[in-house]
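The values are calculated or read from the model by the stated rules, or taken from the named source; none is laboratory data. Note that the coordinates shown come from a computational prediction; the quantities given were computed from them, not determined experimentally. Cβ coordinates were reconstructed from backbone atoms using ideal geometry, including for glycine residues, and neighbour counts include every protein chain displayed.
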Amino acid sequence: MDTDVIVVGAGPTGLMLACELALAGVRTRIVERRDAPQPDSRALTLHPRSVELMDQRGLADRFLALGRTVPGWHFAGLGTRLDFSALDSRHAYTLFLAQARTEALLEERARELGVEVHRGRESTGVRQDADGVEVDVRGPGGRVETVRASYAVGCDGGRSIVRREAGIGFPGTDETLTGVLGDFAAADPERLARARAEGVLAVPLEGGLTRIVLIDPERMRTPAAEPVTAEEFRRSLIRICGSDCGTGRPRWLSRFGNATRLAERYRSGRLLLAGDAAHIHFPAAGQGLNTGLQDAMNLGWKLAAEVNGWAPAGLLDTYHAERHPVGLAVTGNTEVQTLLAELPLVPAYQRPAAALRGLLDELLGIEEVNRRLAGLVSGLGVGYPATGPGADPLVGARMPDIPLGIPGSAATRVYELLHEGRFVLLNLAREQGFGTDGGWAGRVTAVTPAGAGQDTALTPAGAGHARLDGVAEVLVRPDGHIAWATRTAGTAARRAERYEALAAWAGTP
């Protein structure tokens, strides 16, 4: 077979995954049913953890050059903002960047790495056997070809054919609430300010456009599949805030709903799921695209390890074990935010809903509460369960981007060492003769920081406080989480621990 992995879907998740696979030398093909990239953007933001991931691959500058940063975000539209700037990250902000821009940058990177992107190709069937998978792909003119590969990953949205053919359940709740959005070239700033006071979201976009998002109590049970008309949108604006806000002809209108579902499994044999194929929810606080990118970062190096033949037993299964709880947390918090948005629109609940929102708004003024929810929405609070005998409490946490101070090295901080998608082994005790003895060449980069790496705080948002004080060595995974840490004092004992940890995570030397 001339393809190792087929990625179904060329949205942000599929493109990010393809980049990760190709970076590890995996032959990757994307098949996408649309003939061209989607010009309009549902999502508009990259949250802090997503920007960190781009930084870890040397791509952050490309995204920052096209976006606009703001220091915080919101939870359920409450007045007290989430303060991202207080979180432990070099990228403690929201990056306003339209989804179309994000996709274009990721596709550019994928093609640089040799990924084959085939548009106008719809996947119509998926099968697997003990040795690989087959994907039926219908192209122009209706011609169907069957492509064989070692694995296939469904990044093909809420109606995923990969999920269906894999027989993976998608339990959850059906749509009960819908909202609408519109992009307008003209809008009156003063009237928009008044509209915001009535719960209408208005955000400036590039090219002079304004994105307006609202939930109209008289139209909030309209099925999401029903198209939005310009007249409906205008009437909704007038009902809610007494004015059409000076909006002219819309460039794009869309309706969205609150159907919430989570795949029972993220893997069935050689078929895997990521992004909206694994989880769908109301677009509260803009978490969907970001969660998908983070799925891809977690899965990419593990699937590449399987394809390249060095994955330790059970490594690929940790994808579901680590990311399914994240999907559960995201679908849960978006349901809470949806309820907080819907209740004030129902006459019978308006007074208690206003009291509830007021109470939560007050609680967000408490630093620890704000930090906890900011960590949840930003992705910076995500840590994975510590595994292995006697695992250090740091295992599974995000690795801080500590300075290295290595004379003559181009890398000045840890994230710069992750650009090639390898493990990083840090000798914080500065042991002489430190290294991996060449056994994991191409998989592990071993370095000795010259500065005081141990003195840098590691503070996963909402997960308590941990520090690198007293840590002798740290093994950082390709996705920027800590695989292993040791505080053992003896050099010989530490070498034995190191070998065991490397074999457990980076395979047989």
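For the stretch 17-120, please list each of the helices (runs of 4 or more DSSP H) lying entirely inside it that holds at least 2 residues being in contact (Cβ under 8 Å) with a residue 60 or more places away in the chain.
48-56, 99-112
In the stretch 475-504, what residues are in contact (Cβ under 8 Å) with a residue 40 or more places away in the chain, under 16 Å from Leu394 (Cα atoms) and of a type in the set (D, E, K, R)?
Residues satisfying the conditions are Arg477, Asp479, Arg487, Arg498.
Hey, among Ala321, Ala354, which residue is of a type in the set (A, V, I, L, M), surrounded by fewer than 16 Cβ atoms within 10 Å (Cβ to Cβ), in a helix (DSSP H, G or I) and free of Cβ contacts under 8 Å to residues at least 24 places away in the same chain?
The match here is Ala354.
What do you reckon, is Leu205 at pLDDT below 95 and surrounded by fewer than 19 Cβ atoms within 10 Å (Cβ to Cβ)?
Judged against the criteria, Leu205 is a match.
Select, from Ala187, Ala197, Ala193, Ala225, the only residue that is in contact with a Ser or Thr (Cβ under 7 Å, 6 or more places away or on another chain) and not aromatic (Phe, Trp, Tyr).
None of the other options fit; the residue is Ala187.
From the list Gly314, Gly332, pick out the single residue that is on the phi > 0 side of the Ramachandran plot and surrounded by fewer than 24 Cβ atoms within 10 Å (Cβ to Cβ). Talk me through it step by step, then tell me what you get.
Details: Gly332 fails: on the phi > 0 side of the Ramachandran plot.
The conditions single out Gly314.
Is one or more of the residues making up the stretch 324-331 closer than 23 Å to Val26 by Cβ and touching a residue at least 24 places away in the same chain (Cβ under 8 Å)?
No, the conditions are met nowhere in the stretch 324-331.
I'm trying to understand the selection: among the residues of the stretch 363-393, which are among the aliphatic types (A, V, I, L, M), touching a residue at least 60 places away in the same chain (Cβ under 8 Å), part of a loop (DSSP other than H, G, I, E, B) and over 18 Å from Arg477 (Cα atoms)?
Within the stretch 363-393, Leu364 is the sole residue that qualifies.
Could you please find all residues in the stretch 107-121 being under 17 Å from Arg159 (Cα atoms) and surrounded by fewer than 17 Cβ atoms within 10 Å (Cβ to Cβ)? Write out each step before concluding.
The first filter runs over the stretch 107-121 and keeps only residues under 17 Å from Arg159 (Cα atoms), leaving 121.
Scanning the stretch 107-121 gives no hits.
Given the conditions (1) surrounded by fewer than 16 Cβ atoms within 10 Å (Cβ to Cβ); (2) touching a Leu at 6+ places or on another chain (Cβ under 9 Å); (3) β-branched (Val, Ile, Thr); (4) modelled with pLDDT under 80, and given that Thr456 satisfies all but one, which numbered condition is not satisfied?
Of (1) surrounded by fewer than 16 Cβ atoms within 10 Å (Cβ to Cβ); (2) touching a Leu at 6+ places or on another chain (Cβ under 9 Å); (3) β-branched (Val, Ile, Thr); (4) modelled with pLDDT under 80, only one is false for Thr456: (1).
Of these, Leu289, Leu340, Leu293, Leu328, which one is within 21 Å of Leu376 (Cβ to Cβ), hydrophobic (A, V, I, L, M, F, W, C), part of a helix (DSSP H, G or I) and not assigned by TED's automatic domain parsing to the domain that holds Ser150? Even if it seems obvious, please write down each step before you answer.
Values: Leu289 fails: not assigned by TED's automatic domain parsing to the domain that holds Ser150; Leu293 fails: not assigned by TED's automatic domain parsing to the domain that holds Ser150; Leu328 fails: not assigned by TED's automatic domain parsing to the domain that holds Ser150.
None of the other options fit; the residue is Leu340.
Only residues that are in a loop (DSSP other than H, G, I, E, B), out of contact with any helix residue (DSSP H, G or I) (no Cβ under 8 Å at 6 or more places or on another chain) and closer than 30 Å to Leu66 by Cβ: list them for the stretch 194-235, please.
Keep residues of the stretch 194-235 that are in a loop (DSSP other than H, G, I, E, B), which gives 198-200, 205, 209, 215-229.
This time we only want the ones that are out of contact with any helix residue (DSSP H, G or I) (no Cβ under 8 Å at 6 or more places or on another chain), so: 205, 209, 221-229.
Result: Leu205, Leu209, Ala224, Val228.
Which of the following residues is acidic (Asp, Glu) and within 27 Å of Arg371 (Cα to Cα): Asp4, Asp61?
Of Asp4, Asp61, the one residue that is acidic (Asp, Glu) and within 27 Å of Arg371 (Cα to Cα) is Asp61.
How many residues are free of Cβ contacts under 8 Å to residues at least 60 places away in the same chain and polar (S, T, N, Q) when one looks only at the stretch 121-137?
At the first step, the residues of the stretch 121-137 found to be free of Cβ contacts under 8 Å to residues at least 60 places away in the same chain are 124-125, 127, 129-131, 134, 136.
Keeping just the survivors that are polar (S, T, N, Q) gives 124.
Adding up the residues that qualify gives 1.
Quick one: Gly157 ticks every box in (1) under 23 Å from Pro39 (Cβ atoms); (2) modelled with pLDDT under 95 except a single one, so which number is it?
All conditions pass for Gly157, except number (2).
Say we look at the stretch 143-177 and pick out the residues that are aliphatic (A, V, I, L, M) and part of a loop (DSSP other than H, G, I, E, B); which of these is nearest to the chain's Cα centre (by Cα)?
Step one: filter the stretch 143-177 for residues aliphatic (A, V, I, L, M), giving 144, 147, 149, 152-153, 161-162, 166, 168, 177.
Retained after the next criterion (residues that are part of a loop (DSSP other than H, G, I, E, B)): 168, 177.
Numbers: Ile168: 21, Leu177: 25 Å.
Only one residue fits best here, namely Ile168.
Looking at (1) over 30 Å from Glu367 (Cα atoms); (2) over 19 Å from the mean Cα position of the chain (by Cα), which is the one condition that is false for Gly79?
Exception for Gly79: condition (1).
Against the conditions (1) surrounded by fewer than 17 Cβ atoms within 10 Å (Cβ to Cβ); (2) farther than 30 Å from Val336 by Cα; (3) not assigned by TED's automatic domain parsing to the domain that holds Arg143, where does Pro71 fall short? Just the number, please.
(2)
Being over 18 Å from the mean Cα position of the chain (by Cα) and closer than 24 Å to Val8 by Cα is true for just one of Glu103, Glu107, Glu116. Which residue is that?
On the way: Glu103 fails: over 18 Å from the mean Cα position of the chain (by Cα); Glu107 fails: over 18 Å from the mean Cα position of the chain (by Cα).
Only one candidate qualifies: Glu116.
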